[in-house]
Amino acid sequence: MASSLTTQPPPTPTYLLTYPSPYVLLITINRPRAMNSLPYTSHWEADALLLWFDSEPTLRIAIITGGGTPNKAFCAGQDLIEQRDLADLRSRIAAGDQTARKAMPDRRTLTHPPSGFMGVSRRAGKKPVIAAVNGWAMGGGFEIFLGCDIIVASPNATFGLPEAMRGLYAGAGGLSRLVRLAGMTVASEIAMAGRFLSAQEAVQYGIANRVSKTHESCVPEAVEIASRIAGLSPDAIIVTRHGLRQSWETASVERASQETEMRYGALLRDGENIGIGLRAFAEKKQAVWVPSKL
């Protein structure tokens, strides 16, 4: 699959890229010694990667999972060791230490991109992303999958927003999205009382789609779903996803429908894939889609 790409991905030292099925990109977070927690540079790296994914015509859907020891960590959130070191530098700077001032990274690098944690938690994007949560999803790791479109959880996956326990808050978009999915009271207990959710509870509260049959089947089940989506019209999936996301992000239901029609309606109807799909239906044939131009 990699050989059929029309463009090459940007450098991804934090992430492993594989192509488990036609049109499907699998992104594996590859910092197992740090429980797949992410430093600031890794968020910008992922932001560039997902921008490339949206523009690469041979890819239609992505999956995110965690690497390392099986079923240990999806993503443990922000790299708190980096956070500790930065806090130490700030304390030394406040005390007048000029060496610490010179060692402090540029402030512009100590933020998340506009698309949020790992370029996902506040991502608008164009193409869908599935989370295959194969272990601990804490803090920003929880916010990653709250920004995804479909979630498959391993039976031992555990979810939480422990930021307040560390003197922080979940600032990458997870609080508002968790309220939309699970409701105010459940979200409040998770974010303020340190409640962790099991995979089964995540499904119960409408946060995750399903629990995989086994620990080992989490990613394969996500690939199966991704392959079904990748087999449909790429134009139709882009427009449908936009309509779903707009209805989630926009207060007015009717306004959300209008936004999707205004942005994509005519483009979809004038594109090649709608004709391909309708002819295939009439002729009882399998549609062979062309790359989306949306």
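Looking at the range 53-62, is at least one residue among the β-branched types (V, I, T) and part of a helix (DSSP H, G or I)?
no
Restricting attention to the range 48-73, report how many residues are surrounded by 21 or more Cβ atoms within 10 Å (Cβ to Cβ) and at pLDDT 95 or above.
11
Filter the range 114-134 down to the residues that are surrounded by 24 or more Cβ atoms within 10 Å (Cβ to Cβ) and of a type in the set (A, V, I, L, M), then identify the one that is nearest to S55 (Cα to Cα).
This residue is V129.
In the list A172, A164, A187, which residue meets the criterion of being under 28 Å from A251 (Cβ atoms) and under 14 Å from the mean Cα position of the chain (by Cα)? Step through it out loud before you land on a result.
On the way: A164 fails: under 14 Å from the mean Cα position of the chain (by Cα); A187 fails: under 14 Å from the mean Cα position of the chain (by Cα).
Going through A172, A164, A187 in turn, the sole match is A172.
With respect to L232, determine if the residue is among the hydrophobic types (A, V, I, L, M, F, W, C), assigned to a loop (DSSP other than H, G, I, E, B) and surrounded by fewer than 19 Cβ atoms within 10 Å (Cβ to Cβ).
yes
Can you confirm whether A266 is at pLDDT below 90 and not assigned by TED's automatic domain parsing to the domain that holds A131?
For A266, the condition - at pLDDT below 90 and not assigned by TED's automatic domain parsing to the domain that holds A131 - is not met.
Could you tell me which numbered condition T240 fails, if it satisfies all but one of (1) part of a helix (DSSP H, G or I); (2) modelled with pLDDT under 95; (3) hydroxyl-bearing (S, T, Y)?
Result: T240 passes all but (2).
Mind checking which pairs have a first residue in the range 228-246 that is within 12 Å of G277 (Cα to Cα) and a second that is of a type in the set (K, R), Cβ under 6 Å, 6 or more apart or different chains?
Taking only residues 6 or more apart or on different chains, the pairs are P234/R60.
Any residue in the range 257-276 that is under 16 Å from G125 (Cβ atoms) and in contact (Cβ under 8 Å) with a residue 60 or more places away in the chain? Talk me through it step by step, then tell me what you get.
Initial filter on the range 257-276 (under 16 Å from G125 (Cβ atoms)): 259-260, 263-264.
Going one step further and asking which of them are in contact (Cβ under 8 Å) with a residue 60 or more places away in the chain, we end up with none.
There is no residue in the range 257-276 that is under 16 Å from G125 (Cβ atoms) and in contact (Cβ under 8 Å) with a residue 60 or more places away in the chain.
Got at least one residue in the range 189-197 being assigned to a loop (DSSP other than H, G, I, E, B) and closer than 30 Å to S233 by Cα?
Within the range 189-197 (the criterion being assigned to a loop (DSSP other than H, G, I, E, B) and closer than 30 Å to S233 by Cα), the answer is no, since none of the residues qualifies.
Pull out all pairs, ordered by first then second residue, where Cβ-Cβ is under 8 Å, the residues are six or more apart or on different chains, the first lies in the range 77-101 and is surrounded by 11 or more Cβ atoms within 10 Å (Cβ to Cβ), and the second is among the β-branched types (V, I, T).
That search, which allows pairs on different chains as well, returns R92/T99; A100/I93; R101/I93.
If you go through the range 7-21 one residue at a time, do you hit one that is over 23 Å from D235 (Cα atoms), without any contact (Cβ under 8 Å) to a residue 60 or more places away in the chain, within 14 Å of the chain's Cα centre (by Cα) and buried (at least 20 other Cβ atoms within 10 Å of the Cβ)?
Yes - at least one qualifying residue is present in the range 7-21.
So which residues in the range 158-181 are modelled with pLDDT under 95 and among the small types (G, A, S), if there are any at all?
A164, G167, A170, G171, A172, G173, G174, S176
The values are calculated or read from the model by the stated rules, or taken from the named source; none is laboratory data. From a predicted model like this one, the values you see are computed outputs, not experimental measurements. Using ideal geometry, Cβ is built from the backbone for each residue, glycine included, and neighbour counts are taken over all protein chains shown.
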